[in-house]
Amino acid sequence: MRVRNGGPVYNPSMTVIVLTDEERDALRAHRENAPHKLMRRMAEAILMLSRGASRRFVAEFVGRFVGTVGRWVGKWRRSGLDSIRTGHAGNRNACLLTGEQEEVLEALSRPPSEQGLDVEFWSVPDLAGWIHGRFDVRRASDAYYRCLLHMAGLSFHLPESVDRRRAPEEEIEARMAKIRDEIAGITGKKPDGKEEDRGRRETGKRADDEGKGREDVIVVSADEVGIEHEAVLRRAWYAKNTKVKLRVDRERKSQKYIGFLHESDGSVDLMRLDWQNTSNIVKALTDLTLKYPDKTIVVVWDNAGWHKSKKLREHLGKGNILERIHLINLPPYSPNKNPIERVWGEGKKSISNRQRAHFEDTRNAFETFIRSNKFPYRLTK
């Protein structure tokens with residue numbers, strides 16, 4: 001082995017792969033941007049071999065056996081760049097398909113329904129079936145199909161579930177704009193944070209730089225949530241090739257809450273509920289008014305029955321116990337428009353993957369997290 005610049009690099013007895021400028025540029029692009037680690041390693045290996053590196057050195061560098069690098073060399077000599085693009089250049093079917101990749105990628109840029117498939121989104125089995133029917137090609141491994149999906153700019157993730165009764169997005173956004181205008185009219189602030197001249201004249205107060213508007217008005221987004229004693233399981237980092245188990249308590253214990261997320265600073269007023277009904281919601285709103293005396297409280301929440309019931313509205317208005325409460329309902333079936341929903345997600349994540357001995361411990365952990373943090377989610381931003 002020869003030594004260059006103090007390190008073992010080249011073995012002159014090895015056969016050097018000769019690359020064209022086009023192949024070298026393509027390999028460099030694959031090394032930097034290929035969607036799969038295997039493709040990046042293969043490209044790196046061929047580039048190193050083209051500069052005279054020994055197979056042993058290359059194998060150590062890319063973390064593969066020497067025999068594996070040797071097989072890569074054989075595939076490269078048979079199929080060239082196609083061996084990097086497919087990851088399985090020795091497979092006859094891969095070579096048959098390579099000439100049609102542009103057509104495949106073009107098909108993947110459109111919904112599968114346009115290719116006669118009765119599905120909403122592409123999947124590996126659907127793509128494999130379509131390729132087999134179109135080109136009479138079938139691969140033993142799913143890796144190639146995933147590679148094609150990545151090359152087409154697709155990624156693997158869950159679609160968002162949306163209630164079919166939900167209004168079109170333009171109507172949702174129009175309603176949200178009206179809500180922001182309504183809030184601005186109450187707080188004396190325009191949606192962009194500038195104080196309205198009328199509000200300034202009437203109150204004689206100046207709004208601070210944070211856009212809080214009138215000091216006698218607070219804005220909150222509200223919602224209910226429930227937690228259970230049984231541990232919530234979430235994705236986490238574990239050792240590879242191990243199956244992790246968490247012993248959970250199936251005891252049926254739960255707690256309901258209502259929370260009020262403040263627009264001004266992201267803090268949350270959290271209150272326990274015995275049950276989700278109008279009586280308990282009236283009590284929670286009453287407690288909120290007692291906590292903030294002499295404040296007008298704008299509550300923005302969803303369209304649950306107890307949020308707009310006749311019994312609740314009987315307590316609103318001048319002379320009633322909730323006279324300082326102003327209610328605004330979000331667009332129906334649009335939980336993603338309520339920022340406190342994201343707070344609940346963080347709260348449940350904070351108590352996940354751990355089974356506590358007592359439900360009171362679970363409850364205290366959730367409450368401590370919610371009450372001790374300030375969250376960045378807002379209605380008006």
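The values are calculated or read from the model by the stated rules, or taken from the named source; none is laboratory data. It should be emphasised that the depicted structure is a prediction, and the values quoted were computed from it without experimental measurement. Note that each Cβ is placed from the backbone with ideal geometry, even for glycine, and that neighbours are counted across all protein chains shown.
List of remarks:
Table: residues versus (1) farther than 26 Å from residue 37 by Cβ; (2) surrounded by fewer than 16 Cβ atoms within 10 Å (Cβ to Cβ).
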residue: 145; (1), (2): no, no
residue: 153; (1), (2): no, yes
residue: 156; (1), (2): no, yes
residue: 159; (1), (2): yes, yes
residue: 162; (1), (2): yes, yes
residue: 173; (1), (2): yes, yes
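- Checking 311, 283 one by one, the residue that is out of contact with any strand residue (DSSP E or B) (no Cβ under 7 Å at 6 or more places or on another chain) and without any contact (Cβ under 8 Å) to a residue 24 or more places away in the chain is 283 and no other.
- Applying a threshold of 9 Å to beta carbon distances and a minimum spacing of six or more residues, or different chains, the list of pairs starting in region 317-336 at a residue that is at positive phi and ending at one that is among the polar types (S, T, N, Q) reads 333/303.
- Evaluating residue 268 against the criteria (1) touching a helix residue (DSSP H, G or I) at 6+ places or on another chain (Cβ under 6 Å); (2) surrounded by fewer than 18 Cβ atoms within 10 Å (Cβ to Cβ) leaves one unmet condition, (2).
- Within region 18-70, the set of residues being surrounded by 18 or more Cβ atoms within 10 Å (Cβ to Cβ), over 28 Å from residue 145 (Cβ atoms) and among the charged types (D, E, K, R) comprises 55 only.
- Unmet criterion (only one of (1) of a type in the set (A, V, I, L, M, F, W, C); (2) surrounded by 18 or more Cβ atoms within 10 Å (Cβ to Cβ); (3) at pLDDT below 90) for residue 105: (2)
- Search result, residues across region 103-141 that are assigned to a loop (DSSP other than H, G, I, E, B) and under 25 Å from the mean Cα position of the chain (by Cα): 109, 110, 111, 119, 120, 121, 122, 123
- Those helices (runs of 4 or more DSSP H) of region 273-381 in which 3 or more residues are out of contact with any Gly (no Cβ under 7 Å at 6 or more places or on another chain) and surrounded by 15 or more Cβ atoms within 10 Å (Cβ to Cβ) occupy 278-291, 340-350, 359-372.
- So residue 331, is it touching a helix residue (DSSP H, G or I) at 6+ places or on another chain (Cβ under 8 Å) and at pLDDT 95 or above: yes
- Of all residues in region 331-381, those that are under 23 Å from residue 236 (Cα atoms) and charged (D, E, K, R) total 10.
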